[in-house]
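Structure first, then comments.
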Amino acid sequence: MSDCIFCRIVSGEIPAREAGRSDEALAFHDLNPQAPVHVLVIPRDHFDGANDVGAADSGRIWPALLNLATTVARELGLADAGYRLVVNSGMDGGQSVGHLHLHLLGGRRLTWPPG
């Protein structure tokens, strides 16, 4: 989608500070971090949100996002102390960009409930 900021990051049209990549996903540092480490993990293909990943895609998209997120967490030194993975879905769920993405948050003690 030409007007999707995350699609433009995937295509290289908009630069981002990359944290990792795979064939199916891209991870980059959030420009408005909510924790000392805040990385976004997105599928290279466009899905508006969690509800748009159909049965045919769920076997490749969700594992790809989770695998890259955990790899990046290890590489950034978060694995031992812990981290949080968050998927916001829809307006009431706090999704602010219409492209499926996973938040990897860490680098400090995260409290519960989150918000």
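Here are a few things to note about the model shown:
- Per-region count, segment 35-64, residues surrounded by fewer than 15 Cβ atoms within 10 Å (Cβ to Cβ) and among the hydrophobic types (A, V, I, L, M, F, W, C): 2
- First in segment 70-98 and free of Cβ contacts under 8 Å to residues at least 12 places away in the same chain, second anywhere and surrounded by 15 or more Cβ atoms within 10 Å (Cβ to Cβ), Cβ under 7 Å, 6 or more apart: Ala79/Ala73
- Summed over segment 9-28, residues that are more than 13 Å from Leu68 (Cα to Cα) and surrounded by fewer than 16 Cβ atoms within 10 Å (Cβ to Cβ) total 6.
So that you can scan it fast, the table gives a plain yes or no per residue for (1) within 18 Å of Asp30 (Cβ to Cβ); (2) in contact with a Leu (Cβ under 8 Å, 6 or more places away or on another chain); (3) charged (D, E, K, R):
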site	(1), (2), (3)
Arg60	no, no, yes
Ala73	yes, yes, no
Ala81	no, no, no
Gly94	yes, no, no
Val97	yes, no, no
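- Residue match in segment 71-83 (condition: modelled with pLDDT of 95 or more and aromatic (Phe, Trp, Tyr)): yes
- Number of residues in segment 80-95 that are surrounded by fewer than 11 Cβ atoms within 10 Å (Cβ to Cβ) and within 14 Å of Val41 (Cα to Cα) equals 0.
The values are calculated or read from the model by the stated rules, or taken from the named source; none is laboratory data. Here the structure is a predicted model, which is why all the values come from computation and not from measurement. Glycine gets a Cβ as well: all are built from the backbone with ideal geometry, and neighbour counts include every protein chain shown.
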